[in-house]
Amino acid sequence: MKFTIVVQGGPYTTQASLSAWHFARAVLSSGHEIYRIFFYHDGVYNANTLLSPPQDELDLHHAWRSLALEHGLELIICVASALRRGLLDPTEADRYEKSQSNVEAPFVISGLGQLIDGALTADRTLTFGP
Amino acid sequence: MKFTIVVQGGPYTTQASLSAWHFARAVLSSGHEIYRIFFYHDGVYNANTLLSPPQDELDLHHAWRSLALEHGLELIICVASALRRGLLDPTEADRYEKSQSNVEAPFVISGLGQLIDGALTADRTLTFGP
Amino acid sequence: MLLHLLNKSPEHAALLRCTGFIRHGDCLVLLEDGVYCATSKAGAALGELVERGIPLYAVSADVEARGLSARLSPDIKLINYEELVALSIQYTKSKRWG
Amino acid sequence: MLLHLLNKSPEHAALLRCTGFIRHGDCLVLLEDGVYCATSKAGAALGELVERGIPLYAVSADVEARGLSARLSPDIKLINYEELVALSIQYTKSKRWG
Amino acid sequence: MRKLLFIQSHAPHGTLFGQEGLDAILAGSAFVDCAVLFLGDGVYQLLKDQATQTLASRNYSVSYQALFDYGVDAIFCSAADLLTRGLTLEDLIVAPTPLNPKELEAILHDYDVILDF
Amino acid sequence: MRKLLFIQSHAPHGTLFGQEGLDAILAGSAFVDCAVLFLGDGVYQLLKDQATQTLASRNYSVSYQALFDYGVDAIFCSAADLLTRGLTLEDLIVAPTPLNPKELEAILHDYDVILDF
C-alpha cells in the first residue's frame, strides 16, 4: 500500500507534525510505502534547517530528515506556503535577493501539483493538521 | 500612556500579527508610546528576514521593521520560542553551529524577563493571539 | 473595568465562555473572526450583554473584510483601531478570549 | 468506509459536528487532544455512536501523555500508530475533523 | 480517475486556511475533476462584498468566481450552516448546491480522497 | 507593584501554549507576585500521571510542582471546569483553589495585568 501524508501544522506549536511523523514511521515499519509527504500551511516550518529545540526534546526537523534519508523519501514543501513564511532554499533565496537560506535536501520546494499527484496516485491520503 | 503589545500568532497563518500591527500603528498615531513589543509563541515568526509574500500582499516582516525603525522601537522575540522554531540571529547561529541566520535588528532575541518587565512597566498590556 | 477582546466566531466556545466573565463596567470588543458574533443572526448570543448594558464594539476593518457591513446587529458600535486604542485606555486592563 | 480522525477536545465544536457525518461502516479515531473525548465523563457525547455500533479508537500515546489511561470509557479501544496504519488501510479513505 | 473532494471549514481572513485551500482547489482542477464543499464557518468564504483595503489583507474571495472557469462545477454547501448564519444563496459570490444532512453524509462517502482546509 | 495573572486555557501536548505559558509564569515569579488561573481545558494541564515517553513529547507537567518553590502560591481553577471533566483536586499535581463563577469573575478584575496562554 502506498501512502501520501499531508502535514498542515508547524513543529511544536501544535501536535500535528509529531503525529504525522509517528504515523509515517509506522507506515514504513508496517512494510508499506510512502509515496509522498507534503508539507502545506504551517507544515512547511518543519523544513527550517535552523530549528534548535532544547537538547532533551525531539528535534522534529532532524527527525523528518533522518526518516527521509534512511528510506529515500523526498519531503515536499509547498512553494507558496514556504515563500510567505520565509522558508527558502538557496535558489529561492537568490531569486528573492536574500543572503541567507534555511531549506535544504531532503526537503524540496515544489508546487501544489505534488499534493494533487500524491492524492491521486497513493492508495491512501491522510492529513495531520492543527 | 505607555503600551506593551504581545504578539502570539505567526504572520498570515492567523490574523493576530496583522491586528497587532494595526493596533501598534494606532497607538503611535494617537500620540501614545509603545514601551515594548514582545513576540512570543508563533509570534516570533514575524522576525524571519526571509519572509517573501506575494508582491501584492502586505509584507508583515517589513511592516514591523519599518514601524520600528521609524519610531525607534525594539522588537523583542522570546529566545526559547525563537530557538525551537528556528529563528536565529548571527550570534545564536554561531552558538548552535548553523551556517545561516534569519533574525536581525530591529528584531532582538531576548528573554521572558522582557515580557514581565513590559507587563509591569507599561500602563496597558494587550495581547494578540491565534 | 475590563476590556474583553474576542476573536472567534460563534462556532467556538469562546463566546459563551467570555460572556460569563463580563461584569457591569466592562466592555466587549469583537475583532478578527470575532466580528461574526456581531451579525444580527448571531446577536442572540449577545442579547444578555445588551440587556445588562454592556457596551459592544466591533473593529470595522474586520467587519468590512468579511462582507458583514450590512448584517450587523444595531447594538454593536463600529470602531477603528484608534478608537480601540482609546478604549484600551478608558478600560484599565484587557483579557483576550480565543 | 470512512476513517474519521478527530483531534479536538469536547470543548470544541468538532466532536458534535463530526458525529453527524459518521455512518454505519465508518469508524472514529481520537488522537491528540481528541482523546479527551474518550474519557468516561465526556463519553456521553459518543454514546450515540456506541449505540449505532460505530467502532471507536484512541491513540494510546496520546492517552498516556495526557494522564488519561485510567479514565477511558470502556467503549474505546486503544491503538498504537501501527494499528492506526492498519485501520487507514481497512477503511478506504479518511476525513480530518478539527 | 479518482475524485477529489476539497472541504473549506474556516471563515476567511481570520486564518489562511481559506486562501491556501482555494489555491489547492485551483491546482487540483488542472489535473482532475474536483468538488468543493463549504461546511460550518467555511460558508462565510463565499460571502459577497468582502472589502479588505482597510485591513490590508488579500481579498481572494473574488477568485471563487473563477471556480467554474477552472472546471470546478461541483460546489456544495451545508444548507443548515447557511441558515444558522442567516445567509441565502443570493448573498454568495457563487451559488453552491445546498445539501441536507443525508446528502452531506453521502457526498463525504462518494469521493475517493478528501482534502481538508 | 502590579499584580500579574497568568491564565492557562489549553490542554497540554495538543498545543505548546501550556509549556510556553508555564515558562512565562516561572519567569514572572522571579520578578513579582504572580497568580495562575486554570480555565476550561487548561485544568487538564495539572492532571497527574502524564507519561510522554511513547509520544516523544516533553512532560513539562512535573514542573508545575515547582510553582510553590518559585513563590507562586496563588493557584486557582474553575470548579465547574473541573467537575465537567470528572476531575477532583486529588487528581491534580498541585491543588489549585477551586473558584465558583462569582469568584472567578472577581479574580479577573482583581489583578492588574492578565497574560493569556
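So the values come out like this:
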item: Among residues of segment D:1-39, those that are within 14 Å of chain F (Cβ to nearest Cβ), among the hydroxyl-bearing types (S, T, Y) and in contact with an Asp or Glu (Cβ under 9 Å, 6 or more places away or on another chain), counted; result: 2
item: In segment D:73-98, the residues that are within 28 Å of A:K2 (Cβ to Cβ) and assigned to a loop (DSSP other than H, G, I, E, B); result: D:N80, D:Y91, D:T92, D:G98
item: Residue pairs meeting the criteria (Cβ under 8 Å; at least 6 apart or on separate chains; first charged (D, E, K, R), in segment B:53-73; second outside any loop (DSSP other than H, G, I, E, B)); result: B:E57/A:R84; B:R65/B:L75; B:R65/B:F107
item: Residue identified as in contact with a Leu (Cβ under 8 Å, 6 or more places away or on another chain), surrounded by fewer than 24 Cβ atoms within 10 Å (Cβ to Cβ), within 14 Å of chain E (Cβ to nearest Cβ) and assigned to a helix (DSSP H, G or I) among C:A45, C:A61, C:A70; result: C:A45
item: Cross-chain or 6+ apart pairs with Cβ under 6 Å, segment E:27-40 first and farther than 14 Å from E:D73 by Cα, then modelled with pLDDT of 95 or more and acidic (D, E); result: E:G40/E:D81
item: Sole exception among (1) aromatic (F, W, Y); (2) more than 10 Å from the chain's Cα centre (by Cα); (3) facing another protein chain (nearest Cβ under 8 Å) for C:Y91, by number; result: (3)
item: Complete set of residues in segment F:33-65 that are more than 9 Å from chain D (Cβ to nearest Cβ) and closer than 29 Å to C:G20 by Cα; result: F:D33, F:C34, F:A35, F:V36, F:L37, F:F38, F:L39, F:G42, F:V43, F:Q45, F:L46, F:Y64
item: Residues (within 14 Å of chain C (Cβ to nearest Cβ) and either of a type outside the set (V, I, T) or under 10 Å from the mean Cα position of the chain (by Cα) (or both)) located in segment E:66-84; result: E:S78, E:A80, E:D81, E:L82, E:L83
item: Scope segment D:3-21; condition touching a Leu at 6+ places or on another chain (Cβ under 6 Å) and either assigned to a loop (DSSP other than H, G, I, E, B) or of a type in the set (D, E, K, R) (or both); matching residues; result: D:N7, D:F21
item: Criterion (more than 26 Å from F:H10 (Cα to Cα), surrounded by 20 or more Cβ atoms within 10 Å (Cβ to Cβ) and of a type in the set (A, V, I, L, M)) met by exactly one of D:L28, D:L3; result: D:L3
item: Positions within segment F:4-30 being more than 12 Å from chain D (Cβ to nearest Cβ), closer than 23 Å to D:S9 by Cβ and among the hydroxyl-bearing types (S, T, Y), in sequence order; result: none
item: Segment D:73-85, residues that are of a type in the set (A, V, I, L, M, F, W, C) and within 14 Å of chain A (Cβ to nearest Cβ); result: D:I79, D:L84, D:V85
item: Selection within segment E:103-117 - of a type in the set (D, E) and assigned to a strand (DSSP E or B); result: E:D116
item: Any hit, segment D:17-31, residues being over 19 Å from D:K93 (Cα atoms) and of a type outside the set (F, W, Y); result: no
item: Filter result for A:R84 (surrounded by fewer than 24 Cβ atoms within 10 Å (Cβ to Cβ) and under 23 Å from B:L51 (Cα atoms)); result: yes
item: Selection status of A:Q8, buried (at least 24 other Cβ atoms within 10 Å of the Cβ) and either farther than 12 Å from A:I77 by Cβ or of a type outside the set (G, A, S) (or both); result: yes
item: Residue within segment A:47-54 that is within 27 Å of D:K93 (Cα to Cα) and among the polar types (S, T, N, Q) present; result: no
item: Considering residues of segment E:88-102 that are among the aliphatic types (A, V, I, L, M) and assigned to a loop (DSSP other than H, G, I, E, B) only, the residue nearest to the other protein chains (Cβ to nearest Cβ); result: E:I93
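Yes or no, residue by residue, for (1) within 21 Å of F:G14 (Cβ to Cβ); (2) small (G, A, S); (3) modelled with pLDDT under 95:
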site	(1), (2), (3)
F:V43	yes, no, no
F:A56	yes, yes, no
F:L67	no, no, yes
F:G71	no, yes, yes
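The values are calculated or read from the model by the stated rules, or taken from the named source; none is laboratory data. This structure is a prediction, so every number in the text was calculated from the model and none was measured. Here the Cβ is made from the backbone with ideal geometry for all residues, glycine too, and neighbour counts use every protein chain on show.
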